[in-house]
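Take a look at the structure set out below.
The values are calculated or read from the model by the stated rules, or taken from the named source; none is laboratory data. Note that the structure is a prediction, hence the values are computed from the model and not measured. Every residue, glycine among them, receives a Cβ derived from its backbone with ideal geometry; neighbour counts consider all protein chains shown. Areas reflect the complete protein model, heavy atoms only, side chains present, ligands, DNA and RNA absent. Shrake-Rupley method; radii C 1.70, N 1.55, O 1.52, S 1.80 Å.
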Amino acid sequence: MPGDGFLDDLEAELADPGRAADLELRAEEERLRVARLDLRERVVAMSRGEAGARGVRLDLRDGTTIVLEVELSGRDWVSGAAVPPDGGRASPCLVPLHAVRAVVPSRAQLSASLVPAASSGVAERIGIGAVLRDLCRRRSPVTIACDGARVHGTVDRVGRDHLDLAVHEPGVARRDGDVRQVRLIPFETVLLVRW
């Protein structure tokens, strides 16, 4: 038997049919608003304020879990500081959204994710290629987690859908004699980039 609240609601609907229609219209408007949210918007929203104080937990396709303090986001990526589980030093990283298997928010983050922040415009249109080109220009050494592998090196070139990584030992500057190989890595296989 439904609770007393159910009977009260039913009685109110019968007494005022316009109220029921108004409630249903508002519920449908909310469903449509939520249906327009994308994953990037929700991750960015849950990283703001008190809800995001400890970072957002991201489970990646390869089984890796990171807690990311989101600082920037673009059309198909988020970046910030990855907080190690042991509380050590955070490291900057880039996560393509296609690499995220699941986002595991706290209750506060889940609520915050339904209220997206105002659009920042230009940054939201920047694709992952632009960020990788910036790392290439800076000659920043990176570690890239790909499907099944982690490789360290320097990004030499960035194409439309891939990058060229000169693979060398960590802590060694990119010099021709120290480059073991060059890998052409499709963006779709990149799970995480750390620098």
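With each label point set 7 Å from Cα along the Cα-Cβ vector, what nm distance links residue 28 and residue 178?
It is 6.4 nm.
Quickly rank 49-59, 165-175 as a protection proxy: mean count of other C-beta atoms within 10 Å, highest first.
In descending order of packing, they fall as 49-59, 165-175.
With every protein chain in place, what's the accessible area of residue 138 (1.4 Å probe, Å², nearest 10)?
Probe radius 1.4 Å; accessible area of residue 138 about 140 Å².
With a point put 7 Å past each Cα toward its Cβ, work out how far residue 149 is from residue 8 in nm, to one decimal.
6.4 nm
DSSP loop (so not H, G, I, E, B), at most 14 other Cβ within 10 Å: list which trypsin sites (Lys or Arg not before Pro) in segment 76-112 pass both filters.
Passing sites in segment 76-112 are 89.
To the nearest 20 debye, what charge dipole does the chain have about its Cα centre, counting +1 at the Cβ of each Lys and Arg and -1 at the Cβ of each Asp and Glu?
With Lys and Arg at +1 and Asp and Glu at -1, about 1580 debye.
Bin by bin, in steps of 5 Å, what percent of the Cα pairs in segment 140-189 do you find, going until the bin that has the longest distance?
5, 24, 34, 23, 11, 3
Return the Rg/Rh value of the chain, two decimal places, where both radii are evaluated on C-alpha atoms and Rh is the Kirkwood radius.
Rounded to two decimals, Rg over Rh is 1.17.
Over the chain, calculate the relative contact order: mean separation of alpha carbon pairs under 8 Å at least 6 apart, over the residue count, as a percent.
Once divided by the residue count of the chain, the mean separation gives 17 percent.
Picking from 99, 146, 170, whose Cα lies most toward the positive end of the charge dipole for segment 57-195 (charges on Cβ: Lys, Arg +1; Asp, Glu -1)?
After comparing all options, I get 170.
Leaving ligands, DNA and RNA out of it, rank 8, 164 by accessible area with a 1.4 Å probe, largest first.
On the way: 8 95, 164 15 Å².
Correct descending sequence by accessible area is 8, 164.
Charges only on Cβ, +1 for Lys and Arg, -1 for Asp and Glu: so what's the dipole of segment 89-191 about the Cα centre, in debye to the nearest 20? Before the final figure, lay out the partial values.
Values: 15 positive and 10 negative charges, 45 e Å.
Computed about the Cα centre, the dipole is about 220 debye.
What's the magnitude of the charge dipole for segment 21-61 around its Cα centre, counting Lys and Arg as +1 and Asp and Glu as -1 at the beta-carbon? Answer in Debye, nearest 20. Numbers along the way, then the final one.
Details: 10 positive and 9 negative charges, 81 e Å.
It comes to approximately 380 debye.
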